[in-house]
1. When the accessible area of the chain is split by element with a 1.4 Å probe, what percent falls to carbon and sulfur?
2. Cut-off 16 Å, label point 7 angstrom out along Cα-to-Cβ of Asn86: give me the residues of segment 35-54 whose amide nitrogen falls inside.
3. Suppose every K and R has +1 on its Cβ and every D and E has -1 on its Cβ; what is the size of the dipole of segment 14-88 about the Cα centre, in Debye to the nearest 20?
4. Give the label of the value calculated from the structure for mean projected area of the Cα convex hull in nm², choosing from (1) 10.3; (2) 7.2; (3) 8.4.
5. Obtain the nm distance between the two label points defined at Lys106 and Glu6 by a simple spin-label model: each point lies 7 Å from its Cα along the Cα-to-C-beta direction.
6. Among Ala65, Ile78, Ala94, which residue has its Cα furthest toward the positive end of the charge dipole of segment 48-99, with +1 on Lys/Arg Cβ and -1 on Asp/Glu Cβ?
7. When DSSP beta bridges are limited to those with both residues in segment 1-105, what percentage is antiparallel, rounded to the nearest 5?
8. Checking the cross-link filter: which lysines have an alpha carbon closer than 28 Å to that of Lys63, excluding same-chain neighbours under 8 positions apart?
Amino acid sequence: CESIIELSTLTGSCIGALGGAMAGVWTDDDNLLAGLKSASKATGEKLWQLPLEKEYNEQLKSKIADLKNIGGRYAGAITAALFLTNFVDNRPFAHIDMAGPVWNIKSGATGWGAKLVTEWVCQHDN
């Protein structure tokens, strides 16, 4: 595959920043981000880019293991995204934290992300 798009909710921290109306996206790849924003606009499944701050990698260091899967008290959504970057090679990668929009308290699971990823794939089907 040429790009990796991963959707999950790892910490719930993203809800604190963005609420339930949109998902957070972390990527260092401008082209991948542009494609995801285009798919977001076409589907109405909203995204907001958050920083992939490399300085926070310090929070993932461990004296015992190769890597901790949780950072400190703050920036949990960012450290979760950074954690995932340790498992992809040099391909364009985006982590989408869909904790907010994936669940509606009144109606349950929303299926958020299915339209977004389908649209992204269709836009890149050459």
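The values are calculated or read from the model by the stated rules, or taken from the named source; none is laboratory data. No experiment lies behind these values; they were computed from the predicted model shown. Cβ sites come from the backbone with ideal geometry, for glycine too, and all protein chains shown count toward neighbours. Please note that ligands, DNA and RNA were not included when accessible areas were found on the heavy atoms of the full protein model with its side chains. Shrake-Rupley method; radii C 1.70, N 1.55, O 1.52, S 1.80 Å.
1. Values: 4120 of 7780 Å².
Within the chain, the accessible surface is 53 percent carbon and sulfur.
2. Within reach of a label on Asn86, which here means backbone N under 16 Å from a point 7 Å along Cα→Cβ, segment 35-54 contributes 53-54.
3. Numbers: 8 positive and 8 negative charges, 49 e Å.
Charge dipole of segment 14-88: 240 debye, to the nearest 20.
4. Given (1) 10.3; (2) 7.2; (3) 8.4, the calculated one carries the label (3).
5. 3.5
6. Ala65
7. So the antiparallel bridges amount to about 35 percent of the total.
8. Lys54
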